[in-house]
Amino acid sequence: PSCFGYPLSIFFIIINEFCERFSYYGMRAVLVLYFKYFLQWDDNLSTAIYHTFVALCYLTPILGAIIADSWLGKFLTIVSLSIVYTVGQAVMAVSSINDLTDDNRDGSPDNLSLHIGLSMTGLILIALGTGGIKPCVSAFGGDQFGDNQEKQRSRFFSIFYLSINAGSLLSTIITPILRAQECGIHSKQRCYPLAFGVPAALMAISLVVFIAGSGMYKKVRPQGNVMVQVFKCIGFAIKNRFRHRSKEFPKREHWLDWASEKYDKRLIAQTKMVLKVLFLYIPLPMFWALFDQQGSRWTLQATTMDGNFVAIRIQPDQMQTVNPILIIIMVPVVDAVIYPLIKKCKINFTPLRKITVGMFLASLAFVAAALVQVQIDKTLPVFPAAEESQIKIINLGIDDVTVQFEPHLQSVKVTSMESTGYMTFMTSELQSVHITSGNKAKDEAISFLGGERHTIGIQSNETTILTEWLFDKVTSKPDEGNNLIRFINNLPEAINVTMGETSFGTVMPLSASNYSLFPGGRKYDIMVMRNVIPCSVVSEELKFGSAYTIVVNECTAEKLNVVYSEDIPPNTVHMAWQIPQYFILTCAEVVFSVTGLEFSYSQAPSNMKAVLQAGWLLTVAVGNIIVLIVAGASKLSEQWAEYVLFAALLLAVCIIFAIMAYFYTYVDPNEVEDQLDEEEKKQAKKDQVCEKQYETVSQM
């Protein structure tokens, strides 16, 4: 059955691909944040495991192709590995259920190793599934067309690529929204089970849709895998060359010619063409090393930025959508506008030159990321080192106070209801403070452990100076753009404080509550009960990633007077500053990725396309392994320096590639094939003549 001249079966394949890509990219979008916030890993471990997973996803296609071509056929390979894939996604969703091990119901899992074990099992199954079916689905789609449907087949591949990007775009928008929801049985937290559960459901739908079309598919029998043949041919040539290494054997034109004793001329000629292209692939992994950091380092960079876009709040993991949105816009623009313009300028923009430009642009994108990181670093608070202590002063009285840190370290004057920033001291040097206000004075001895932050609240009345030392347990910026809030009671009686839905309980005079977390980008109602008199005020709008101490100064039936003291400044660098680096990297992808596949296909014999596809996917896997090695070995403490290091490495590789490309000569595989056909015909004629001569001789 057909529809608009297309086989009906391909609509099932396209829907299947859309659901599968939605499932994969949706899960991958929230993965690095799941590692960081749920499994409580640091940035480096989260990045390392993320890239290990992506590398695995690109190593398994080779396995999938061999299973499909040599053993099960494409249809059965897709079905069986999709089942593995669906199970993996389901295990991943289960691994993120907090209530699974949260026996004390405090909102964080008690047995992290169980969650880690489950999620690693899930990821391995997903890598096997997604990688294994990757080379089969597009080829299976291609198999559905007859020889007279070339035009429809090439249109199918365009629609197929579009469905990949549509799935990726939608899932990268939707799953972060699901993740940001609050859910849980006993306590509420980020909804990772939903963010992983929806991709799992879509994978199941993808599998059902694919099986539903079973009766309509053209199923080509497995015809043995070319890849295995190529490896055997190369292996035999090396072995044979090694056996005949002494000088008495004449040299051969190419080392692969040493396989001619066992393999036919055609296979050897085709393998030579493939190896020529694969040699050019050697520098390419460096591009993917940078490109795939969008999902790890760049997403972590976005967590330290301000995601308020007027009326919309953008999640850090949603910034990745900039890439598929731009791809959908850029591919037609580059093809229809930019390439023709370059042609008009009489520039010969060959495929290898395009790839070189792509690498250069990706390197530039990382320079842009480094510049943004430098701006972010300026806004990040400096926390005390192990041998340091930080002290902040809040003046809660009506008179000015002067605080002298002894012995003769620093003197600070603080006006009424004002506060200082954190001052850093060597813990070993700090002995006492001398506080004066008007004609009153007070001395206090100090003894701190080091590596800590403290706040001193000072209240001076007519006769004495009162002090309250607060230990600030916060040693990092609040995660995910949340804000930390605590209250100081500057009234003579105890008060009860509530902000939004959160109760801070009873706060005694001249004491502070503990910090509580509040999502940014909104205002909250502050409610204070003083001797059964309620008073309330609406808070200032909270930004992202800040911490505040709010001092309650006055509470009457008419009004509540509060003063804000900033403990940690909010994220002030806007997420929109990431758009330039995404734009440059997407331009790089358009000229690099699309051209790379096209070039490989144009330089390879028809039956070797799968080998080059595997080689291309292998460059992605190696690229992700490079991230692990560079990020692990560089030991750079500054994130911007790591970005610059990657940019420099890619620039160096780009120069090497440009030199390799300069010496590359383009071939036309069809011409080579025709030549081989001619030679085979001549050989056949020769054989016939010889046979006739032999018959004639034997008859005599």
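The values are calculated or read from the model by the stated rules, or taken from the named source; none is laboratory data. Here the structure is a predicted model, which is why all the values come from computation and not from measurement. Here the Cβ is made from the backbone with ideal geometry for all residues, glycine too, and neighbour counts use every protein chain on show. Please note that ligands, DNA and RNA were not included when accessible areas were found on the heavy atoms of the full protein model with its side chains. Shrake-Rupley method; radii C 1.70, N 1.55, O 1.52, S 1.80 Å.
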*Cα-based reach from Lys276 at 18 Å (exclusive), listing aspartates and glutamates while leaving out same-chain residues under 8 positions away*: Glu253, Asp257, Glu598, Asp668, Glu671, Glu673
_I need the phi-derived Karplus couplings for region 229-241: 6.51 cos²θ - 1.76 cosθ + 1.60, θ = phi - 60°, integer Hz, Gly and Pro marked x._
4, 4, 4, 4, 4, 5, x, 5, 4, 5, 4, 5, 4
*Write out the cysteines belonging to the chain for which the nearest other cysteine Cβ is not under 4.7 Å, or none if no such cysteine exists.*
Cys3, Cys19, Cys57, Cys136, Cys233, Cys345, Cys587, Cys654, Cys690
*Looking at region 4-78, which chymotrypsin sites (Phe, Trp or Tyr not before Pro) are DSSP coil and have at most 12 other C-beta atoms within 10 Å of their C-beta?*
Phe4
*Just name one of Thr121, Ile584, Phe279: the one whose Cα is farthest towards the positive end of the charge dipole of the chain (beta-carbon charges, Lys/Arg +1, Asp/Glu -1).*
Phe279
*At what distance in angstrom do the alpha carbon centres of region 64-95 and region 204-221 lie from each other?*
13
_Compactness index (Cα Rg / 2.2 N^0.38 Å), region 476-570_ = 1.02
*Which of Lys232/Lys609; Lys262/Lys692; Lys392/Lys543 have a Cα-Cα distance over 19 Å?*
Lys262/Lys692; Lys392/Lys543
_Checking the table Lys36/Lys134; Lys378/Lys477; Lys473/Lys635 against a 18 Å threshold on Cα-Cα, which pairs fail?_
Lys36/Lys134; Lys473/Lys635
*Got a sec? Which residues in region 173-199 would a label at Leu114 touch, if it sits 7 Å along Cα→Cβ and we count backbone N under 15 Å?*
185-186
*Return one whole number: the accessible area per residue of region 383-472 in Å², for a 1.4 Å probe.*
48
*Return the label of the correct value of Kirkwood radius over Cα pairs in Å, as calculated from the structure shown, out of [x] 27.8; [y] 39.8; [z] 29.9.*
[z]
*Run the accessible area of region 343-482 with a 1.4 Å probe and give the carbon-and-sulfur part as a rounded percent.*
55
*Which aspartates and glutamates have a Cα lying under 16 Å from the Cα of Lys686, excluding residues fewer than 8 positions away in the same chain?*
Asp677, Glu678, Glu695
*Treating the beta-carbon of each Lys and Arg as +1 and of each Asp and Glu as -1, no other charges, what is the dipole magnitude of the chain about its Cα centre, to the nearest 20 debye?*
3260
*Could you tell me which of Asn240, Thr572, Val689 has its Cα farthest along the dipole of the chain towards the positive end, charges placed at Cβ (Lys, Arg +1; Asp, Glu -1), taken about the Cα centre?*
Val689
*So what is the calculated 222 nm ellipticity per residue for the chain, using -39500 (n - 2.57) for each DSSP H run with n of 4 or more, over all residues, to the nearest 500 deg cm²/dmol?*
-17500 deg cm²/dmol
*asked:* If you count only protein heavy atoms and use a 1.4 Å probe, how large is the accessible surface of Leu560, to the nearest 10 Å²?
replied: 10
_Reachable lysines from Lys559, criterion Cα separation under 19 angstrom, eight or more residues apart if same chain_ = Lys523
